[in-house]
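To keep things clear, I will list the structure first and then write my remarks on it.
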Amino acid sequence: MARPMSAEEFRTALVGEGLTVVGVGNWRTHNRNHRGPWGPVHGVMIHHTVTRGTAATVRICRDGRSDLPGPLCHGVIAKDGHVHLVGYGRTNHAGSGDPDVLAAVIAEKALPPDNERGTDGNRHFYGFECENLGDGKDPWPPVQLDAIVRAAAAVCRHHGWTARSVIGHREWQPGKVDPVGFTMASLRDRVHERLK
């Protein structure tokens, strides 16, 4: 079991991996901790936002939507590769997912198919929302993909996890498709190389 990093440890880990980090408002204390526990943490979850424009994307991920209160992640990874920190602690990004997937992440083994929604992912995963329409046409600039790799690696490096602790939302919760436009296997390969 891993204790979540402090907010400052999280920021320091990201900066230490060579990322440009932008703190948004009171991100260190903006969370959903009143709705349940934050931790123990076991992995990093990657999402796409289905939005266009960094300012609007950051605002939505910080403040939430009418059907889902913010923050919707810990960090927003913009097209330019900057990581905007919008919350820290429990955030509304993972939802309920498959307990067998969580067990595989904890054991750092290959993921089984996600076919259940019985486990609270908001408690156990760091979450990065990545600015992209998620339509398979919106490009992923190399600088953004590199930032996704670096952000995932930063969290894994701090906790001593391997790349198997990095999953996509689509691997966690039945019916989810994000992220679209790259494979999680290729992303994990890049995280693995970075952690060497």
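The values are calculated or read from the model by the stated rules, or taken from the named source; none is laboratory data. The structure displayed is predicted, hence computed values, not measured ones. For neighbour counting, all protein chains shown are included, and Cβ atoms are generated from backbone atoms with ideal geometry for every residue, glycine included. SASA here: full protein model, heavy atoms, side chains in, ligands and nucleic acids out. Shrake-Rupley method; radii C 1.70, N 1.55, O 1.52, S 1.80 Å.
The figures follow:
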quantity	calculated
Cubic angstrom per residue, convex hull over Cα atoms of segment 140-196	72
Spin-label pair E193/S6, simplified geometry with 7 Å Cα→Cβ offset, distance in nm	3.5
For segment 60-114: accessible area per residue (Å², 1.4 Å)	35
Cα-derived Rg to Rh of segment 1-82, Kirkwood definition	0.94
Projected area, mean over directions - the chain, Cα convex hull, nm²	9.7
Segment 76-120 - convex hull of alpha carbons, volume per residue in Å³	120
Segment 84-196: Rg to Rh, with Rh as the Kirkwood radius over Cα pairs	0.93
Protein accessible area in segment 1-44, 1.4 Å probe - carbon and sulfur %	50
Solvent exposure of segment 7-55 as accessible area per residue, Å², 1.4 Å probe	47
3J(HN,Hα) from dihedral phi, segment 2-14, Karplus parametrisation 6.51/-1.76/1.60, rounded to Hz, x for glycine, proline	10, 6, x, 4, 6, 4, 6, 4, 4, 4, 4, 4, 5
V166 long-range amide H proximity, modeled H, under 5 Å	V44
Calculated [θ] (222 nm, deg cm²/dmol) that DSSP helices of n ≥ 4 give over the chain, each run adding -39,500 (n - 2.57)	-10000 deg cm²/dmol
Solvent-accessible area, 1.4 Å probe, carbon plus sulfur percent, for segment 50-129	51
Set of lysines with alpha-carbon distance to K79 below 18 Å, sequence-local pairs under 8 removed	K137
Vicinal HN-Hα couplings computed from phi for segment 42-59 (Karplus, 6.51 cos²θ - 1.76 cosθ + 1.60; Hz; Gly/Pro x)	9, x, 10, 10, 10, 10, 10, 8, 6, 9, 10, x, 5, 4, 5, 4, 4, 4
